[in-house]
Amino acid sequence: MGEFKVHRVQFFDYVPSGVCGMSYSEQTQRLAVARNDGSIEVYNFTANYYQEKIIPGDDRRSTESICWAAGDRLFSAGLNGEIIEYDLNKLCVKYSLDAYGGPIWSIVANPSGTQLAVCCEDGLIKLFNVTPEKIVFEKSLDRQKGRMLCLAWHPSGSHIVTGTVNFLKVFSVSSGHLLHTMKMDLRLAPGKRRECIVWDVAVLSSGEILSVDSLGKLSVWDIENGTLIRTYTVASCDILCLAVSQAEDSLVVGTAEGVIFQFQHLAAQAGKSEKQWVCTKPFRYHTHDVRAVAHSSSALISGGVDGRIACRPLMEKVHTKSYEAALRKILFPHRHLVSCAQAPRLLLFQFPEHLELWRLGQTNESGIDGDLLNVSQEEELLLQLKRKGSECIRCSAISHCGSWVSYATSSRLFLHRLDYDNNNISIKRVPKVPRFQTAALQLLFSPDSKLLFVGSEGGRVHVLDLSEGACQHSHTLEPPSGSSLHVHLLAASSDGSLLAVASADCQIDIYNVKERKYECSVPQYSSPPTAISMHPSTNNLVIAYADQQVLEFSIAEKQYTDWSRKVLQHGLHRDWLERDTPITGITFNPLRPEHILMHDNYMFCVLDKSLPLPDDKTPLVNQKSLKQLSENTRRSHAHAFKITRKFQPLLFMDLLDDGELVLVERPLIDILTQLPPPMKQKKFAT
């Protein structure tokens, strides 16, 4: 596997923002997630749940609810009273529209996706028509006293049901008039001030209304008569969210205790057609409040204050024990928030509001495998660079020499020059950074620190020249395919002459930077790439895809290498293909050209191309067992994959110029200690 001095970095103080809303599109099989910091994420369920899009937040933007409409158009609304549509190609806000009703608590599209309904603080339900260019106000329904907290459409689009404090209300969409007012059952409400907050509602095609409330009840109502049919006491705390499957045979609710419950529509007695909702499965995947749930055709999806997204497959939909039957927990972004200056041993940490620059610690000791070395010089925080304006930082990078730091928000690109004088550091902002019509989505410095590559929409890459100590726009690399999607990943050769550009549509183009021309393209694969890197000596491009495939492309020969063809013919190990998290980092060991270093959140791997690929009968993780064998026997049992799970969760990996390995970890317990305290739960004998 090779020996490294390993820096186990655990001082990256990353805390994921809580989930406040989510919406699943059965048509595109995408999950949209809204977080408390205003950011929006889109996960592609057909691509192994890969996080394919991130729209950064803004302090001026508040998100309470999110929904899909008209197929693949994404809308959100929040407490600033605005409705926002997002441009999923440019990864930015397309436009915003004031609803003039005060804070908006919920936004939902009708079943056909042609209308949006929002419920406002002033007691109004407002309808908007979805046109090809934007949304247009249509009308308001009858004003009610008090704020409207949630709403749902009848599957036919004929009625809208809203939830408020102590009441459910049913409106006719055509007339805009109130049809029914149903009062909540307050017998379980504690104290003199009896109050029941309806947190979420849903309407079935049969005419049943489902509601969840602050008293821990799931209630079933009749929409025609406005009467209560049945009540289920689910929890002793608030039930905050509700989602129903498209077939209307299953639903999921999320509670303030971090538990989700599944109900199924089953026959009340065997052999009879009458059905009722039965609580079949409770699950505890969260440590804090579950703020949002979604229901796909095959899974229950939940998210909450702890920032975790949990996807629980419906076991009745899975016929065999397979990869599809596994529980998935997504906590960390599928991208790097850390960049490394290999020469001066610096790490740049990206937060939404600022950047932190740290110098790694050092040791004068040496040892053997497994030894812990004492640190002679502790790690040091050199500077903290705060963003300009209210927009969150989208991407950042530090040059190999550590003299340049760049970051970008949704609208601006910033570049800073760093000077080191013994133990002192000074930073100076470069004043005249070129401005482009499109936002910077990816940043990468060339290995010689003389160029800055800025990836943007349409697959374009702007090349900035830093050789004179200033910043000038050199040229723009245009994709030959005319892609309309954004730049997703960048990788440069060790001499800076070649640049690989991966777009969100699975297209990977190679450019000759010095000659300013397009070189070739990698054959388009069916799954999006999650990490790319060029070998320092061969310039071969190694690509990891969302389906866990790993391929190597020869730029000189403009085709896959012989090793890649062997991988495609033999196939990778089943346990490798069934991992939950994508490969997000690839690098190389110059002393071992045949080695590829990779990582995901839960493993670090050295892939040795000189060794045979394992078959499914061979244990994939076999390092401990190999150590107990003799040298000759060990060689006969060795295979290409050298994996360790000692370091996790793993957010970043790189090699310093002196050959030392840097691994940035983020222990889960450190995240939990920084979250707000969960709801107090009474324990026995307390």
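Tabulated data for the structure shown
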read-out	value
Largest-first ordering by accessible area, 1.4 Å probe, given options 283, 332	283, 332
Most positive-pole-ward Cα, 554, 40, 136, against dipole of the chain from beta carbon charges	136
Per residue, in Å², the accessible surface of the chain once ligands and nucleic acids are set aside, probe 1.4 Å	43
At q = 0.13, 0.15, 0.22 Å⁻¹, base-10 log of I(q)/I(0) for the stretch 1-143 (Debye sum, equal scatterers on each alpha carbon)	-0.58, -0.74, -1.42
Debye, to nearest 20: dipole size of the chain, +1 on Lys, Arg Cβ, -1 on Asp, Glu Cβ	1280
Protein accessible area in the chain, 1.4 Å probe - carbon and sulfur %	48
From phi via Karplus (6.51, -1.76, 1.60), per-residue ³J(HN,Hα) for the stretch 67-79 in Hz, x at Gly/Pro	7, 8, 8, 6, x, 10, 9, 10, 10, 9, 8, x, 6
Inverse of mean 1/r across different Cα pairs in the stretch 146-217, Kirkwood, Å	12.6
Rule-of-thumb Rg ratio for the stretch 469-613 [Cα; 2.2 N^0.38 Å; N residues]	1.06
Normalised convex hull volume, the stretch 584-629, alpha-carbon set, Å³ per residue	107
Reported label for calculated Cα Rg over 2.2 N^0.38 Å given (i) 1.03; (ii) 0.99; (iii) 1.16	(i)
Bins of 10 Å from zero: percent of alpha-carbon pairs in the stretch 444-519	21, 57, 21, 2
Extreme residue, positive dipole direction of the stretch 289-389, given options 301, 366, 347 (C-beta unit charges)	301
Accessible heavy-atom area order of 35, 291, 60, 516, highest first, probe of 1.4 Å	60, 516, 291, 35
Leading residue at positive end of dipole, the stretch 168-288 (Cβ point charges), from 172, 258, 277	258
222 nm mean residue ellipticity, helices alone, for the chain (DSSP H n ≥ 4; -39,500 (n - 2.57); rounded to 500)	-1000 deg cm²/dmol
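The values are calculated or read from the model by the stated rules, or taken from the named source; none is laboratory data. For clarity, every value in this text was computed on a predicted model and none was experimentally measured. All Cβ positions, glycine included, derive from the backbone under ideal geometry; neighbour counts span all protein chains shown. Heads up: the accessible areas ignore ligands, DNA and RNA and are worked out on the full protein's heavy atoms, side chains in. Shrake-Rupley method; radii C 1.70, N 1.55, O 1.52, S 1.80 Å.
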